[in-house]
Amino acid sequence: MKQNGLVVLAAGALLIGAPACSRPAQPGAAGTPTGRPSKTDGQSAAPQERYAITGEIVRLEPERQVLVVRHDEVPGYMPAMTMEFLVSAGELARAKPGQRIRAEMIPSQGGDFRLEKIWPDERTVEGRTVAAAALQLRQDTHTRGKQAYREVGEPVPEFALYDQDGRVVQSSRFRGRQIMLNFIFTRCPVATMCPAATAKMVTVQHLAREARVPNLELISITLDPAYDTPGVLKEYALVRGIDTSNFSLLTGPETAIKDLLKQFGVIAQLQGDILQHTLTTLLIDPDGRITHRADGSIWEPREFVQKMRHP
């Protein structure tokens, strides 16, 4: 096995009977009877009262946790206008004026509005780039058929996803670099699963710096793209104090995530609100070729750092 210049990939996989991760229900809208957004929790609208919305961010009001958005017409509900919307701390942290977004608008009984599931507008250049890459990845998975699973020695597939700041990240960006990548999801409550995997990634980040490992990037790809938007991943990183200078949290189209899981031999199965998975660790060299695969959750950060290229 090649020992120098390695890309490290830790992938979440599912095995029936393995530890299960229960996904809590998504929080509802927040608001008060004042008729304007507030950080005070209020009564939420019924779950079915959600409206697809697109628009452009005009400005941020951090002290009120509000985004001001110039949105397009919401057919059958309201005309195009500029409005204030409550958003999560993670969404606010990644938002920038001028960004085009798509989201779900949730009205509260108090007259306030909240935005959830905020994504870059797929009609933008960035959105088209991610969509085209997802289609190419789907075609590649279909063409490989029963050989979709990539064995040791094979190159990893090409992909394009969004990071925690909503920026497009293409796999080609990491050629020639040492990478550690895993699959997790933000609502995983089992301490020995996703939380432990993230903690180990952070430990590797620290140890690699101490060892002066060059050109290291860490990547976590969500297993739950329906919930884990860029803003949700941003908040996940903020809460855990993750240094994202060389640690990217990625999400994107569900089809792209499923194809990546299939090609990496990761099986993810949702049963109601339960997502079961185990962990797999892969080593990949700077040319994008898998050099080693270790299944299971027992791995030591120092061992991976030792396998990386050193000065």
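Please treat every number below as a calculation from the coordinates, not as lab data. For clarity, every value in this text was computed on a predicted model and none was experimentally measured. When we count neighbours, we look across all protein chains shown, and the Cβ atoms used for this are built from the backbone with ideal geometry, even at glycine.
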Please find, within region 214-223, the residue that is farthest from Arg173 (Cα to Cα) out of those that are surrounded by 20 or more Cβ atoms within 10 Å (Cβ to Cβ) and out of contact with any Ser or Thr (no Cβ under 8 Å at 6 or more places or on another chain). Leu223
Among the residues that make up region 91-101, is at least one of them surrounded by fewer than 19 Cβ atoms within 10 Å (Cβ to Cβ) and of a type in the set (A, V, I, L, M)? yes
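Yes/no matrix, rows are residues, columns are (1) surrounded by 17 or more Cβ atoms within 10 Å (Cβ to Cβ); (2) over 15 Å from the mean Cα position of the chain (by Cα):
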position: Asn182; (1), (2): yes, no
position: Phe185; (1), (2): yes, no
position: Cys188; (1), (2): yes, no
position: Ala196; (1), (2): no, yes
position: Ala199; (1), (2): no, yes
position: Val204; (1), (2): yes, yes
position: Pro225; (1), (2): yes, no
position: Tyr236; (1), (2): yes, no
position: Ser248; (1), (2): yes, no
When you look at Ile118, is it within 16 Å of the chain's Cα centre (by Cα) and assigned to a strand (DSSP E or B), yes or no? yes
Those residues of region 108-130 that are over 18 Å from Arg64 (Cβ atoms) and in contact with an Asp or Glu (Cβ under 6 Å, 6 or more places away or on another chain) come to a total of 3
Among the residues listed as Leu115, Leu137, the single one being farther than 23 Å from Gly231 by Cβ and crowded, with 22+ Cβ neighbours inside 10 Å: Leu137
Quick one: what pairs do we get from region 273-302, first residue in contact (Cβ under 8 Å) with a residue 40 or more places away in the chain and on the phi > 0 side of the Ramachandran plot, second loosely packed, with under 15 Cβ neighbours inside 10 Å and assigned to a loop (DSSP other than H, G, I, E, B), C-beta under 8 Å, 6+ apart or different chains? Gly288/Arg175
